Amino acid sequence: MIIAKATVLAALRERGQHDRADFVDRELPERIDLNRHGGLLAMLRLDPATLTDDPSV
């Protein structure tokens with residue numbers, strides 16, 4: 001599954017985690033592959049099921 005980085009950034013900033021959002025913005029590609037980066041999202045306590053914005057992304 002692929003998630004747009006903008007969706008992850010918005011979720012982090014909505015929680016007031018601006019430093020983490022800045023880190024994700026620097027380190028991850030525009031399209032985040034959950035198979036490759038799922039561990040990082042888990043560490044950030046982001047549930048991929050709540051982040052899916054468009055299945056075609």
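Roll a 1.4 angstrom probe over the protein heavy atoms and tell me the percent of accessible area of the chain that is carbon or sulfur.
About 48 percent, which is the carbon plus sulfur part of the accessible surface.
Expressed in nm to one decimal, what extension gain is obtained for the pair GLU27 and ALA6 from 0.36 nm per residue of sequence separation less their Cα-Cα distance?
Separation in residues times 0.36 nm, less the Cα-Cα distance, equals 6.3 nm.
How do 43-50, 17-24, 3-10, 32-39 rank on mean C-beta neighbours within 10 Å, highest first?
Put in order of decreasing packing, that is 3-10, 17-24, 32-39, 43-50.
Around PRO29, what is the net charge, scoring Lys/Arg as +1 and Asp/Glu as -1 over all other residues with Cβ under 12 Å from its Cβ?
Neighbourhood net charge equals 0.
Return one whole number: the accessible area per residue of the chain in Å², for a 1.4 Å probe.
Per residue, the chain has an accessible area of 66 Å².
Taking the 0 to 90 degree range and rounding to the nearest ten, how far is the long axis of helix 34-43 tilted relative to the main principal axis of the chain, both from C-alpha atoms?
30
Farthest toward the dipole's positive end in the chain, which of LEU12, LEU40, PRO29, given Cβ charges of +1 (Lys, Arg) and -1 (Asp, Glu) about the Cα centre?
LEU40
The values are calculated or read from the model by the stated rules, or taken from the named source; none is laboratory data. Every value quoted in this text rests on a predicted model; they were computed, and no experiment measured them. So basically every Cβ, Gly included, is an ideal-geometry build from the backbone, and we count neighbours across all protein chains shown. When the accessible area is computed, the model is the full protein with side chains, heavy atoms only, and any ligands, DNA or RNA have been set aside. Shrake-Rupley method; radii C 1.70, N 1.55, O 1.52, S 1.80 Å.
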